[in-house]
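Since the structure comes first, as structure tokens, the remarks are kept for the end.
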Amino acid sequence: MTENKAPADLAIRSLCVYCGSRDGARPVYREAAAALGAAIARAGVRLVYGGARVGLMGVVADAALAAGGDVYGVIPRSMTDRELAHTGLTELNVVETMHQRKLAMIEAADGFIAMPGGFGTLEELFEVLTWHQLGWHDKPCGLLDVDGFYGPLANCIAHMQDEGFLSAVHAQRLQRAPDADALLAMMGVTARA
């Protein structure tokens with residue numbers, strides 16, 4: 001993983017945030033989600049996310065909205081009750097399947113950030129990394145490494161590279177920072193003046 005900045009010619013107008021539909025075990029995760037949502041809004045960037053009002057998903061959306069941001073959520077119809085679809089968004093796209101959800105989020109975003117989360121968060125992150133590896137997009141990807149949450153994953157990625165299953169170029173594609181402002185800066189996003 002690297003701390004390189006995003007290409008200068010890549011204008012980031014929207015960022016997709018992958019994160020848990022749960023709060024996590026410690027308040028630091030909710031605090032980081034709120035900071036990320038507010039930072040994205042301050043930068044004048046649209047937040048793209050999974051459309052729920054619960055867990056870190058709801059926190060990041062509410063913080064972006066409270067800071068005057070534009071928030072686009074995508075949620076499958078079958079999950080509108082279970083994940084409690086957020087009805088206060090700028091736009092909520094209700095789709096039929098998880099595949100449609102993921103594709104709509106990828107297509108709507110100019111970059112991707114994974115916050116702490118579970119299987120779904122990792123699955124979405126690795127899908128966009130795989131698509132980059134296949135040459136299907138050239139959008140920046142980052143980890144918001146809240147309180148060292150992604151340290152074990154960084155070690156695993158280094159191990160994949162050391163064992164010859166991942167090139168250095170693709171391993172370095174995933175940027176990592178401990179706070180929202182640092183990660184956004186690494187991805188070429190800064191607050192509006």
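Here are some notes:
- In segment 48-66, the residue that is nearest to the chain's Cα centre (by Cα) out of those that are of a type in the set (Gly, Ala, Ser) and assigned to a helix (DSSP H, G or I) is Ala61.
- Residue in segment 146-157 that is open to solvent by 40 Å² or more (accessible area, probe 1.4 Å) and within 22 Å of Ala11 (Cα to Cα) present: no
- Whichever residue in segment 68-89 is surrounded by 15 or more Cβ atoms within 10 Å (Cβ to Cβ) and of a type in the set (Gly, Ala, Ser) and, among such residues, is modelled with the lowest pLDDT: Ala85
- Sub-6 Å Cβ pairs linking a first residue in segment 27-51 that is closer than 18 Å to Gly111 by Cα to a second residue that is of a type in the set (D, E, K, R), at least 6 apart or interchain, are Ala39/Asp181; Gly44/Arg192; Arg46/Asp70, ordered by first then second residue.
- Residue in segment 90-102 that is of a type in the set (Val, Ile, Thr), touching a Cys at 6+ places or on another chain (Cβ under 9 Å) and either over 15 Å from Ala38 (Cα atoms) or open to solvent by less than 70 Å² (accessible area, probe 1.4 Å) (or both) present: no
- Given (1) at pLDDT below 95; (2) open to solvent by 90 Å² or more (accessible area, probe 1.4 Å), number of the condition Asp162 does not satisfy: (1)
The values are calculated or read from the model by the stated rules, or taken from the named source; none is laboratory data. Computed from a predicted structure; not experimentally measured. Backbone-built Cβ (ideal geometry, glycine too); neighbour counts: all protein chains shown. Heads up: the accessible areas ignore ligands, DNA and RNA and are worked out on the full protein's heavy atoms, side chains in. Shrake-Rupley method; radii C 1.70, N 1.55, O 1.52, S 1.80 Å.
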